[in-house]
């Protein structure tokens, strides 16, 4: 479960940026193609934040849809996996959204 390590890093980064102030809310963007499970992050967050300035903070996760762009016709379209075919018939596509995982914002008290 690599989500545990990811969550530990999130807690560490946010704690460092909060400079010992209590964190009220954290918002993450997690792409649906990132192979990171939001439910696992939520579960791990409660464990990893215990005893830190993030304990009892609200965790909001925005799931970002996979979007690809066709290199042949420039069409952008939703994808459910890292490969696919454009409506023009080309499978020469580039993923432009959905693989990310970032700390979007945090609210401190």
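The values are calculated or read from the model by the stated rules, or taken from the named source; none is laboratory data. Computed from a predicted structure; not experimentally measured. Note: ideal-geometry Cβ built from the backbone for every residue, glycine included; neighbour counts use all protein chains shown.
Working only within segment 32-91, note down all residues that are assigned to a helix (DSSP H, G or I) and farther than 21 Å from residue 17 by Cβ.
First, pick out the residues of segment 32-91 that are assigned to a helix (DSSP H, G or I): 38-49.
Correct list: 38, 39, 40, 43.
One residue is enough: does segment 19-27 have a residue meeting the conditions surrounded by fewer than 17 Cβ atoms within 10 Å (Cβ to Cβ), modelled with pLDDT under 95, part of a loop (DSSP other than H, G, I, E, B) and more than 17 Å from the chain's Cα centre (by Cα)?
Yes; the residues of segment 19-27 include at least one that is surrounded by fewer than 17 Cβ atoms within 10 Å (Cβ to Cβ), modelled with pLDDT under 95, part of a loop (DSSP other than H, G, I, E, B) and more than 17 Å from the chain's Cα centre (by Cα).
Which residues, counting only those in segment 1-10, are free of Cβ contacts under 8 Å to residues at least 40 places away in the same chain and either part of a helix (DSSP H, G or I) or in contact with a strand residue (DSSP E or B) (Cβ under 6 Å, 6 or more places away or on another chain) (or both)?
The answer is 5, 9.
Test each condition in (1) within 19 Å of residue 11 (Cβ to Cβ); (2) at pLDDT 95 or above; (3) loosely packed, with under 12 Cβ neighbours inside 10 Å for residue 74 and report the one that comes out false.
(1)
Looking for whichever is surrounded by 14 or more Cβ atoms within 10 Å (Cβ to Cβ), closer than 16 Å to residue 3 by Cβ, at pLDDT 95 or above and touching a strand residue (DSSP E or B) at 6+ places or on another chain (Cβ under 8 Å) here; the options are 93, 13, 41. Which one fits?
Result: 41 is the single residue among 93, 13, 41 that is surrounded by 14 or more Cβ atoms within 10 Å (Cβ to Cβ), closer than 16 Å to residue 3 by Cβ, at pLDDT 95 or above and touching a strand residue (DSSP E or B) at 6+ places or on another chain (Cβ under 8 Å).
Would you mind stating whether residue 82 is surrounded by 13 or more Cβ atoms within 10 Å (Cβ to Cβ), under 14 Å from residue 10 (Cβ atoms), touching a residue at least 24 places away in the same chain (Cβ under 8 Å) and in contact with a strand residue (DSSP E or B) (Cβ under 7 Å, 6 or more places away or on another chain)?
The answer is no for residue 82.
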